[in-house]
Amino acid sequence: MKRRHTVLSRPLRKLAAVVTATTAAVAMTLALAPPAAAATYRYDCRRLAGAGTYSNPLALGNVTGRTVVAVDCPPLTSGAGYAHRYFSFTLTRTARVPSYAGASFVLNRTQKSAVNPSLARGPYTIMRTGAGLWTYDRGGVANGRYLPLAPLPGGGVLPAGTYRLNMQKLDSPLRSLSTPWFNVVVATP
C-alpha cells in the first residue's frame with residue numbers, strides 16, 4: 001500500500017499544479033478590472049512618445065501602483081511591419097496580485113481578429129501570446145486578451161524593471177485583414 005501511495009503522489013502533485021494554475025487563471029479572468037484604490041491614467045495612444053517599433057516602442061511610463069490605459073490605438077493590419085505594435089512600461093517594484101497587461105477591443109463582422117499580447121524584457125520573451133487570458137462581453141464575444149503579471153502562469157510575480165509589450169495581429173485562424181481599434185491596459189495595484 002505504501003508503494004501505491006508513492007506512485008500516486010507525483011501525478012497528484014501535477015494535478016494540484018494544474019488545478020492551482022487553472023484557479024489562478026479563472027481568478028485573473030474575473031479580476032480583470034482596475035483595483036478601486038489604484039489611480040487610472042488615460043493617454044491617447046497616438047500621442048505617446050515613440051514609434052511603436054521593436055527598437056522604439058510607445059512609452060507608457062511607470063505603472064507601479066496604478067492603471068495606465070492607452071486609448072484609441074489604431075488597428076493592426078495584415079502586411080509586413082503592420083501586424084505588430086510595441087509598447088514599453090516600467091515597474092518600479094515587484095508586481096502585486098492581481099496585475100496584468102493586455103488589450104481591450106470590440107470585435108465585429110469586418111474586424112474579427114483579436115489583439116494578442118506578448119511580453120519581453122530586453123531580447124528575452126517572458127510570456128508568449130498563448131499565455132493570454134481572454135475576457136468576454138455579456139454576449140460571449142471576446143473583448144480583451146491579457147497577460148497575468150502577478151501571479152505569473154509558472155508561479156511567482158514579475159520583478160521590477162522595464163518591459164516591452166508586443167501587441168500583434170495573428171493571421172490564423174480568422175485570416176482577417178485588420179483588428180479593431182483597441183486600448184492597451186497595464187494594471188498594477
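The values are calculated or read from the model by the stated rules, or taken from the named source; none is laboratory data. Source: prediction; values computed, not measured. Glycine also receives a Cβ, built like all others from the backbone with ideal geometry; neighbour counts cover every protein chain displayed. When the accessible area is computed, the model is the full protein with side chains, heavy atoms only, and any ligands, DNA or RNA have been set aside. Shrake-Rupley method; radii C 1.70, N 1.55, O 1.52, S 1.80 Å.
Taking the solvent-accessible surface of protein heavy atoms with a 1.4 Å probe, what is the per residue accessible area of segment 95-184 in Å²?
On the way: 4400 Å² over 90 residues.
Averaged over the residues of segment 95-184, the accessible area is 49 Å².
Estimated at 0.36 nm per residue, the fully extended path between L177 and I126 surpasses their Cα-Cα distance by 15.6 nm. Distance between the 7 Å Cα→Cβ label points at R47 and T90: 2.2 nm. Put simply, the amide H of L133, placed in the peptide plane, has neighbours under 5 Å in Y146, L147, leaving out anything fewer than 5 places away on its chain.
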